[in-house]
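Please read the structure below before turning to the comments.
Here, each number is a calculation from the coordinates, and none is a lab measurement. Treat the numbers as computed from the prediction; the structure is a model and nothing was measured. Positions of Cβ are generated from backbone atoms using ideal geometry, with glycine treated the same way; all protein chains shown enter the neighbour counts.
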Amino acid sequence: MRSVPRRLTQPVVHDAQTFADWQDFRRRFVADDGRVIDNVNGGVSHSEGQGWGMMLAVASNDRASFDLIADWTRRHLQIRPDALHAWRYVPRSQVPVADHNNATDGDLFIAGALLRAAWKWNRPDLADAAAEIATDILQRLVREAGPRTVLLPGAVGFEQAHSLTINPSYYVLPLFEELASLRPSAAWGRLTEQGLALIDEGRFGRWRLSPDWLQVDRSTGAISADHQRPMRFSYDAIRIPLWLAWSGAGREVTGDFLAYWHRHQPAPPAWIDLSNNSQAPYPAPPGMIAIGQIASELAQAGQNKMNFAALPAVSASPDYYSAALTLLARCVCREASRVVTG
């Protein structure tokens, strides 16, 4: 195994609430066999949720839960001819995995969690498994579009004759760095550089926010809205400020997000339409609120003065997705911190 990135060797805040939150998430959303359950969408499971569960188990030093989730994921989703994972499992269906297409964010988190587990628990076999996934991400999901190197959201369905469909929230920049330490390639650096540029340039509306989906011209690299989908800053794009906070990059993008977020307190909308600035008639769920609070904390307090007591708990979230965002946000704060407290 190659060396651990420096930020993962730094002391982090030991936060009892984060461990309690993981126990709550584990009890409510992880089945006894390791399947992470999306309780809003008919109890289905996604590669995203499996990857998040694995990552959160490593962060909580819960090896038993990690092994359960990783084993279920391998047996039920890693069924393609490559090392990538089918994106959805539908329980009680005659064919639980009918669509073998992958979701790139799920594969990134699964590979990243395997690699972190290999580092934490001295498991070279897990690093080997992560390397196989990283290799197929590079080989099957990276494309050139004019001057840009871009990451496809999945292996099938995102390439048109003249454009590529991109999901900016799939650019999980810290995991690019970690997987590059395992499977070196110049493509990781290009994805990081071009991902930041894509997120920066692909912003629209009054508040200069990223939509959930973008189109990139295959010849010129020009960015435009994806008119086949709602042009919203919504449930996908809300993750972008979290990944940027995690990587310590994208200050201008984060600053615009915080200006929007603070303007709409105390109840920001669940989405905003970037084509006409209309807003959802209902408020953002707790997981979105957690990301806004954490982005604000990191911007205002700095990495060494985190007020963990002010961050929301998983118990405030009634559903899997919101709870996962809340717990991921707390873990990002832990990792960004440099002071160990008792």
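Listed from fewest to most Cβ neighbours within 10 Å, the set Trp72, Trp243 follows the order Trp72, Trp243.
Only Cα sites of the range 31-141 enter the Debye sum here, all with the same form factor; the resulting log10 I(q)/I(0) across q = 0.12, 0.13 1/Å is -0.36, -0.43, listed in q order.
Around the Cα centre of the range 183-342, unit charges on the Cβ atoms of Lys, Arg, Asp and Glu (plus for the first two, minus for the last two) sum to a dipole of about 280 debye. Arranged from fewest to most other beta-carbon atoms within 10 Å of their beta carbon, Asp256, Asp105, Asp212 become Asp256, Asp212, Asp105. Taking the Cα centre of the range 31-141 as reference, the dipole from Cβ charges on Lys and Arg (+1) and Asp and Glu (-1) amounts to some 60 debye.
When a/c reaches 1.5 or more, the comparison of a/b and b/c decides; with that in mind, is the chain rounded, prolate or oblate per its Cα gyration tensor? Rounded, since a/c falls under 1.5.
Charge dipole of the chain (Cα centre as origin; +1 on each Lys and Arg Cβ, -1 on each Asp and Glu Cβ, all else neutral): 460 debye, rounded to the nearest 20. With a cut-off of 11 Å between beta carbons, the residues surrounding Arg35 carry a summed charge of -3, where Lys and Arg count +1 and Asp and Glu -1.
Per-residue Cβ neighbour counts within 10 Å put Ser296, Ser278, Ser65 in the sequence Ser278, Ser296, Ser65, beginning with the fewest. Rounded to the nearest Å, what's the spacing between the alpha carbon centres of the range 129-155 and the range 241-257? Just the number, please. Each part reduced to its Cα centre gives a spacing of 23 Å. Summing charges over all other residues whose Cβ lies under 9 Å from the Cβ of Glu159, with Lys and Arg as +1 and Asp and Glu as -1, gives +2. Relative contact order of the range 31-141, taken over Cα pairs closer than 8 Å and 6 or more residues apart, is 27 percent. Highest mobility in the GNM of the chain, judged by mean-square fluctuation with C-alpha springs under 10 Å and restricted to Val90, Val216, Val142, is found for Val90.
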